[in-house]
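Below is one structure, written out as structure tokens; the observations come after it.
The values are calculated or read from the model by the stated rules, or taken from the named source; none is laboratory data. Since the structure is predicted, the reported quantities are computational estimates derived from the model, not experimental observations. Heads up, the Cβs are rebuilt from the backbone with ideal geometry, glycines too, and the neighbour counts pull from every protein chain shown.
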Amino acid sequence: MLNVGRYSIAMLALLAALFAVTAKAEAVTDRRCSVPDALTIPQSSLPHASLAVKRSQRLDILLLSGTPSQTGAVKGLKSYPSYSEQALHELLPGVEIRLTVRAAPRRSASEFLPLLPDMLAELKPALVIWQAGTVESLRGLPPEDLGLALQKGSALILQAGSDVVLLNMQYSPRMAAIMDTANYTQNMRWVAETLDISMFDRFEIMRHWNETGAFDLSSTKNDGLFESIHLCLGRLLADFVVRGASLTNYKGTSK
């Protein structure tokens, strides 16, 4: 287990160095975004999202994150929620898409729990995407605590009438060399299997890109890496949602 005092500040600085780029994103081809289909197949259906689109031509999504820098809080940069929303408009013509991000600096999944009831009551999302694991790993919190918090929180979300997709941490070769993140993903996968919900495996997707040379994730050059990666993640996540909601062939409502 990592010692918080020794590593948390260093890890936050490392994340900033790796991803706080400001250049305009380079053009990204479908080939660079592609990954094995096994990494992007939804494990469970999204019935509430499907019903919302078919019944009211509207899809409200709430994205939870304890790391704002990964979800759009870096000034001047677009991140994967923005790209996902854009892609969903393209994949679901005529559907009103509203993606709301609720991000809180360095807040763990367990610290999100007290906030969930009010957020669900206010926004009434058909789908909640819960990005988790990064804060826990940086702070050296027990992986089991992450699993228990996500299990409790996801159960609350399901009871409120919303679908849930878990989204794990991003992959970085530098972080992987000094930090064991496998247990956090394993606990998230356990929650997904236990509650019959889906997990979007961002970690393995990004590791695939790094290992195949699609993206050099060890680079810290100011070359648009952040937005290039987030564009691909956003597209893949949008497709993941559409397939989970069985809306792949959705053509809109005829008037």
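Within the range 117-132, being touching a strand residue (DSSP E or B) at 6+ places or on another chain (Cβ under 7 Å) and of a type in the set (D, E, K, R) holds for one residue alone: Lys124. Filter the range 182-198 down to residues that are among the polar types (S, T, N, Q) and over 17 Å from the mean Cα position of the chain (by Cα) and give me whichever is nearest to Gln131 (Cα to Cα). Checking each candidate, the answer is Asn183.
Restricted to helices (runs of 4 or more DSSP H) entirely inside the range 53-143, those with at least 1 residues that are of a type in the set (S, T, N, Q) and touching a residue at least 24 places away in the same chain (Cβ under 8 Å) are 80-91, 109-112, 134-139. Could you tell me whether the range 66-73 includes any residue that is under 19 Å from His230 (Cα atoms), touching a Lys or Arg at 6+ places or on another chain (Cβ under 9 Å) and at pLDDT 95 or above? Checked the range 66-73: no residue is under 19 Å from His230 (Cα atoms), touching a Lys or Arg at 6+ places or on another chain (Cβ under 9 Å) and at pLDDT 95 or above. For the range 99-117, a residue qualifies if it is at pLDDT 95 or above, under 16 Å from the mean Cα position of the chain (by Cα) and surrounded by fewer than 18 Cβ atoms within 10 Å (Cβ to Cβ), and exactly one does: Thr100.
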